[in-house]
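The values are calculated or read from the model by the stated rules, or taken from the named source; none is laboratory data. Just so it is clear, the model here is predicted, and its values are computed rather than measured. Neighbour counts run over all protein chains shown; Cβ positions are idealised from the backbone, glycine included. Surface accessibility is based on the protein's heavy atoms, side chains included, excluding ligands, DNA and RNA. Shrake-Rupley method; radii C 1.70, N 1.55, O 1.52, S 1.80 Å.
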Amino acid sequence: MTSRRSARLAALANSPTKPAAPPAPSAIPLVSSRKRKVATEAPAVDGSDPGSAAPSTPRKRRARAADLGDPPDTPTPAAASLLAEPVQTPSGRRARHAAVARLADPTRTNALLRSPKTSRIIAPEPASDEVAAAAKLNSAPSAAAAAMAAVDGGGGGGVGGAGGITGAVDHITTSATILSEALAHLIRIDPRMKPLIDRHHCRLFSPEGLAEQIDPFEALCSSIISQQVSGAAAKSIKARFIALFNQDDESSGSIDDGHDIINPHPDNNNNKKRFPTPEQVAATPLDRLRTAGLSQRKAEYLVGLAQEFASGRLTAQSLAEAPYEELVERLTAVRGLGRWTVEMFAMFALKRLDVFSTGDLGVQRGMAAFVGRDVAKLKNGGGGGKGGGKWRYMSEKEMVEISERFRPYRSVFMWYMWRVEETDISTLES
């Protein structure tokens, strides 16, 4: 036994030493979990041990910038977004025009509209009594000073409610005085309006606001783009929508539409930011429009609206001169334009001072707070109307009854009701 074992030991001692075989790669991943699978790690490029690195969790996909922000619960001015943007100049900047006094009427269009097809400025035709009084416009006493005195003192002398010519011919309502007259009227009806008016300047109906030129086609397109998305998303989508047509300009040069304003500086592509014409939008395939972030339905709405303008069924002139109810009827017949959208267009784009929307939750909430109700309690369903829901803050009947007292300046009243609860309307007045 001893000799056999000694022989084996001697044989092993005389045999050459073989290198040890490398260990077989482990089939077990470096990081294991019962809840997720982790791929086998590749060797580190620098030769370091991959097992020494800390385990990492896969990163979540980030939302696109255009989708950031929650859409509003119900339509508010932030959702309508960009309705009151003035037209752009050839340099790509928004136009700013000197405020020139002209006849104004709270029950009619007061905006300067620019035709989307010809770039001609459209001003609403004055009524016959306004034409008769226009000759006295320059010699009339300063109605603005009188109106501002009424605002400061809370009185109301001389502010009528029928239209551009109130009472005697010696009082003429102009774009320079109409806001002051409206504010005096609101304070006279309800003195609680004065603190709000003192804190917030309503630029929308100021002389500067009424001097801005508005493209009605762009305003209506903006309202469609803004539906059911946040204000930030609406701005992003609109910018990409305009960029679609700027790219066409870069490849084919300036557009020959009879006006050398698309590309007046060929060496500076940043200047080509003009909103597309109805003809351009109507001729664009839906798939291309959708690359701007539009849904299929919104792309269809924009093309349908463009066809209405391109065919002449809708014009800047007809929108400027149509009576309010006719305006609502004509526009709500277009796919994609509901009553609330048309109401916001009439107020923010056409600058009509006697528009009121019962379908806006921000207005409803502001009115409830204005009359002293606990808005926070009503929001949570406590003490609300029948079943809460859409009319949780105030009934539609109450809204109408209260707003009727402020005719013919209900748009101004509504603007201040948004301010009561600080509803964001900056995108409409950018």
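Go through 238/390; 238/273; 235/273; 235/390 and tell me which ones have a Cα-Cα distance over 21 Å in this structure.
Numbers: 238/390 29 Å; 238/273 11 Å; 235/273 14 Å; 235/390 27 Å.
Too far apart for the 21 Å limit: 238/390; 235/390.
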*Considering only protein heavy atoms, what is the solvent-accessible area of residue 103 at a probe of 1.4 Å, reported in Å² to the nearest 10?*
40 Å²
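Among the trypsin sites (Lys or Arg not before Pro) within the range 167-239, which fall in a DSSP loop and have no more than 15 other Cβ atoms within 10 Å of their own Cβ? List each step's numbers first, then the result.
On the way: sites: 188, 192, 199, 203, 235, 238; in loops: 192.
Answer by residue number: 192.
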_Quick check: pseudo-label points 7 Å beyond the Cα along Cα→Cβ at residue 119 and residue 283, how many nm apart are they?_
1.8 nm
*From the Cα gyration tensor of the range 269-311, with a ≥ b ≥ c the square roots of its eigenvalues, which class applies: rounded if a/c is under 1.5, or else prolate if a/b is larger than b/c, or else oblate?*
oblate
*Separation of the residue 395 and residue 192 label points, Cα + 7 Å toward Cβ, nm*: 1.9 nm
*Full extension from residue 332 to residue 404: what is 0.36 nm times the residue separation minus their Cα-Cα distance, to one decimal in nm?*
23.6 nm
